[in-house]
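**Q** Here's a structure for you.
Read-outs: derived from the displayed coordinates by stated rules, not from any lab. Worth saying up front: this structure is predicted, and the values here are computed from it rather than measured. So basically every Cβ, Gly included, is an ideal-geometry build from the backbone, and we count neighbours across all protein chains shown.
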Amino acid sequence: MNKLYLIIAIVIALWSAAYSTEIDQSGVLGKSEKVDDSELKMLLIPSMKHEVRIIVTEDGGRVLMSDEFSVLRDEIKTCEDRAFFLNKDFVIESLLINGVANELYLLDNIRAEHIQPRLRLLSLIDVSQFSNVYSITMPDVSAFPDTVHFMLKYVIPTSDTLKYTDVQNGSVTARGQNFWYARNIHLDEEVKLSVSAPRNYLLEIGDQRVAFKNVSSRKAFEYSFRDSDKAPNNLKIIKQLN
């Protein structure tokens, strides 16, 4: 077997094994917090570029995802609260900051003034309906290098009972407005997407069908794009039916 193919196969096997049992988020998420403090101000996480990786398991039963991005150290401060949004159907497995696990808090009762810059009311209503708001208290960044690296790992269970993700006959559509990665609601984002899927899958970003290469028994898709904060792209993982 070609050495590259062997490495890809090993990576897929190891990551798939990490999700092979029921995911317990107790070590990832802090308690669900009901936010009532009018003085609470959470800044969104700025980012330089997102590298989103997706693995569709061989049986199509789960879609494994990671979102890696870096932030200039000068743009964040120790102990400040940062926030991001993610589709309510997605199950977070871990968040690493410079390789160290960091606790997340799932927040309730968010008001427009809690997020800085302040969200428009209609944006907040839309976000709260389809997406969760997570809070991070930043660790001590004084000894960090010039950039701070975040890695968020999560999974989409491909169940037809999902409420905010369209799953039909093994195909998955996640709307850009519902945050299929931890994009900033106020800014355009640069995204580099890599997807590994069985041979009977296709990939679309927005209206663009993504080209692929055959790697061993799977397809490898790679696509870079600029995502608009006003009209973010949908993610479509399409299972071809025989």
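**Q** Within the stretch 211-224, identify whether any single residue is touching a strand residue (DSSP E or B) at 6+ places or on another chain (Cβ under 8 Å), β-branched (Val, Ile, Thr) and farther than 16 Å from MET65 by Cβ, and answer yes or no.
**A** Scanning the stretch 211-224 turns up at least one residue that is touching a strand residue (DSSP E or B) at 6+ places or on another chain (Cβ under 8 Å), β-branched (Val, Ile, Thr) and farther than 16 Å from MET65 by Cβ.
**Q** Same structure again: Working only within the stretch 146-171, note down all residues that are hydrophobic (A, V, I, L, M, F, W, C) and in contact with a strand residue (DSSP E or B) (Cβ under 7 Å, 6 or more places away or on another chain). Talk me through it step by step, then tell me what you get.
**A** Filtering the stretch 146-171 for residues hydrophobic (A, V, I, L, M, F, W, C) gives 148, 150-152, 155-156, 162, 167.
Passing the criteria: VAL148, PHE150, MET151, LEU152, VAL155, ILE156.
**Q** Here are some residues: ASN98, ASN109. Which one is buried (at least 16 other Cβ atoms within 10 Å of the Cβ) and of a type in the set (S, T, N, Q)?
**A** ASN98
**Q** Would it be correct to say that ALA197 is in a strand (DSSP E or B) and either free of Cβ contacts under 8 Å to residues at least 24 places away in the same chain or surrounded by fewer than 17 Cβ atoms within 10 Å (Cβ to Cβ) (or both)? Don't jump to the end; show me each part of the working.
**A** On the way: in a strand (DSSP E or B): yes; either free of Cβ contacts under 8 Å to residues at least 24 places away in the same chain or surrounded by fewer than 17 Cβ atoms within 10 Å (Cβ to Cβ) (or both): no.
For ALA197, the condition - in a strand (DSSP E or B) and either free of Cβ contacts under 8 Å to residues at least 24 places away in the same chain or surrounded by fewer than 17 Cβ atoms within 10 Å (Cβ to Cβ) (or both) - is not met.
**Q** Select, from HIS149, HIS186, the only residue that is in a loop (DSSP other than H, G, I, E, B) and either closer than 25 Å to ILE115 by Cα or not hydroxyl-bearing (Ser, Thr, Tyr) (or both).
**A** So the residue among HIS149, HIS186 that is in a loop (DSSP other than H, G, I, E, B) and either closer than 25 Å to ILE115 by Cα or not hydroxyl-bearing (Ser, Thr, Tyr) (or both) is HIS186.
**Q** Do we have any residue at all in the stretch 210-218 that's closer than 23 Å to VAL91 by Cα and touching a residue at least 24 places away in the same chain (Cβ under 8 Å)?
**A** no
**Q** In addition: Based on this model, can you work out whether ASP160 counts as touching a residue at least 24 places away in the same chain (Cβ under 8 Å), more than 28 Å from VAL100 (Cα to Cα), among the acidic types (Asp, Glu) and surrounded by fewer than 18 Cβ atoms within 10 Å (Cβ to Cβ)?
**A** no
**Q** Looking at GLU204, is it closer than 20 Å to ARG53 by Cβ, in contact (Cβ under 8 Å) with a residue 60 or more places away in the chain and in a strand (DSSP E or B)?
**A** Numbers: closer than 20 Å to ARG53 by Cβ: yes; in contact (Cβ under 8 Å) with a residue 60 or more places away in the chain: no; in a strand (DSSP E or B): yes.
In short, no.
**Q** Would you mind stating whether SER135 is of a type in the set (Ser, Thr, Tyr) and free of Cβ contacts under 8 Å to residues at least 24 places away in the same chain?
**A** No; evaluated as a whole, the condition is false for this residue.
**Q** Which of the following residues is among the aliphatic types (A, V, I, L, M) and either touching a strand residue (DSSP E or B) at 6+ places or on another chain (Cβ under 7 Å) or surrounded by 13 or more Cβ atoms within 10 Å (Cβ to Cβ) (or both): ALA174, ALA143?
**A** So the residue among ALA174, ALA143 that is among the aliphatic types (A, V, I, L, M) and either touching a strand residue (DSSP E or B) at 6+ places or on another chain (Cβ under 7 Å) or surrounded by 13 or more Cβ atoms within 10 Å (Cβ to Cβ) (or both) is ALA174.
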